[in-house]
Amino acid sequence: MWRALASNMLTLLIVGFLALVAVIAWGQRSFTGQGPLAEPIFFEVPRGASLTRIADALEAEGAVSSAVIFRLGAQYTEREGDLKFGSYEIPAGASMADVLDILTAGGAASFRYMATYQIRVDDAELRLRERIPGEDRDELVASFAPGEPVPAAYAELVAAGTPMAYRVAIAEGVTSWQIVDALRKADFLSGEIAEVPPEGSLAPDTYEVARGGDRADIIAAMSEAQTRILAQAWAARDAELPLESPEEALILASIIEKETSVPEEREVVSSVFVNRLNRGMRLQTDPTVIYGITNGVGVLGRGLRRSELRGATPYNTYVIPGLPPTPIANPGREAIFAAVQPAETDYIFFVADGTGGHAFSRTLAEHNENVARWRAIERSREAN
């Protein structure tokens, strides 16, 4: 009897063991096999969320077939505490192992919605775009300027607490006042900016921010970036430049930034001003005259008058020798490096050529011919 009982117990143990092995094998196949998602989705890992909460949410979203197996897989691989806060794209057919890799890798979050606040020379605008899951593209959802009615699509997402990435994009050539004014009008930011930073001290670039982020922190990041860029450029400056300090390089860079929007022209435009400085010629550049009128507050919104070109201000380079006392805008990295590494040319004049660029010349006679062509283009445009 005891032998029969022992035999039966052994059989039960073997069967139980084999069943356990089968269950483990099935669990492993389920964990590493193709997942149930037919289409890619975005999935949010809330800050401080537990593994159980995330596993249940994944199952509810149809991203995993079993919350229990996903949780056991995370525990078995000792990654139950490695979930990273953020919003992530989970591709179609992703296995539980793939999903766990995505949520614990710590890479850049793939937010479905991206709000970019663009600060340009003449305006500011928030543009909300939605990434299309599984596709390398996005679509515009809403756009609006400060003071305009907020589109319902954006307002509803904000009210629902939908995860959203924010960026502040600063265009080259924007003044410090324009940056501060636009940041103060951005309702997704908080905090005060005590005063307008010195002109030229803020680096145009795109900055990642958080909703509710401090405006002063953004200004500080821009200032630190510009200080770093200017130091790098000054260290790499050409020999025998007619510039005595990094501050003078920044002033020249701001003029270059306002004179041309064509990247290939920056070093050539720089060479014109450097050649003029070396010859003791006045710079005679309209953007400095405009800054002397506006002080960087807003835009002039009209052409310059003859009286203004003759008016004596510290920024009127038709009247004063050399550089104006401060930058006239915030130049970008490329303009700063162009200021200290100008092209080698004999040019001392340039004028618009009607294509968005400029015609450069070495003599006054050549310049007058280029000016005549530009005037003809202007008359033709006015007639049409």
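Taking one quarter of the surface of the C-alpha convex hull of segment 252-324 gives a mean projected area of 4.9 nm².
Starting from the amide H of Gly173, placed 1.01 Å from N in the peptide plane, find each other amide H under 5 Å away whose residue is 5 or more places distant or on another chain. Here the answer is Asn330, Gly332, since their amide H atoms fall under 5 Å of that of Gly173. Taking only Cα atoms, what is the 0 to 90° angle, nearest 10, from helix 2-32's long axis to the longest principal axis of the chain? Taking the Cα atoms of the chain, the angle to 2-32 is about 20 degrees.
Relative to the compact-globule estimate of 2.2 N^0.38 Å, the Cα radius of gyration of segment 272-384 comes out at 1.14.
Whole Å is fine, so just give me how far the alpha carbon centre of segment 180-225 lies from that of segment 79-129. With segment 180-225 and segment 79-129 each reduced to a Cα centre, they are spaced 23 Å. A cut-off under 13 angstrom between Cβ atoms defines the neighbours of Ser201, and their net charge, with Lys, Arg +1 and Asp, Glu -1, is -3.
Here each label is just a point 7 Å from Cα along the line to Cβ, and for Arg379 and Ala160 those points are 6.0 nm apart.
Taken about its Cα centre, the chain carries a charge dipole of roughly 220 debye when the Cβ of each Lys and Arg holds +1 and the Cβ of each Asp and Glu holds -1. Nearest 5 is fine: what % of DSSP beta bridges in the chain come out antiparallel, could you say? Approximately 80 percent, going by the DSSP bridge assignments. Label separation (Glu240 vs Ile293): 3.9 nm, computed from points 7 Å beyond Cα along the C-beta direction. Between Gly73, Gly322, Gly81, the Gaussian network model of the chain with springs among Cα atoms under 10 angstrom shows the greatest mean-square fluctuation at Gly81. Look at where the Cα atoms of segment 226-263 and of segment 319-375 average out, and the two centres are 15 Å apart. Each principal axis of the Cα cloud of segment 70-154 was taken in turn, and the coordinate range along them, longest first, works out to 56, 24, 23 Å.
Restricting the calculation to Cα atoms, the chain yields a radius of gyration followed by a Dmax of 31.2, 122 Å.
Relative protection proxy for 351-362, 367-378, 261-272, 83-94, from highest mean packing down: 261-272, 83-94, 351-362, 367-378 (other beta-carbon atoms within 10 angstrom). Pairwise alpha-carbon distances in segment 113-228 exceed 18 Å for 50% of all pairs.
Averaged over residues, the count of other Cβ atoms within 10 Å places the peptides 65-71, 279-285 in the sequence 65-71, 279-285, highest first. Helix 215-235 and the long axis of the chain differ in direction by around 60°, with both axes built from C-alpha atoms.
Inter-label distance, Ala153 to Asp101: 3.4 nm, where each label sits 7 Å from its Cα along the C-beta direction.
Rounded to the nearest 10 degrees, what's the angle between the helix 67-76 long axis and the longest principal axis of the chain, both from Cα atoms, 0 to 90? That works out to roughly 80 degrees. Can you tell me the FRET efficiency between Lys84 and Thr32 if r is taken as the Cβ-Cβ distance and R0 is 22 Å, rounded to the nearest 0.05? Efficiency for this residue pair is about 0.55. At an R0 of 41 angstrom, the distance between the Cβ atoms of Glu139 and Gln341 translates into a FRET efficiency of 0.50.
Rounded to the nearest 500, the helix-only mean residue ellipticity at 222 nm of the chain stands at -14000 deg cm²/dmol, with each DSSP H run of n ≥ 4 adding -39,500 (n - 2.57).
Every number here is computed from the coordinates shown, using simple stated rules; none is lab data. Owing to the predicted nature of the structure, the values given are computational and were not obtained by experimental measurement. Cβ coordinates were reconstructed from backbone atoms using ideal geometry, including for glycine residues, and neighbour counts include every protein chain displayed.
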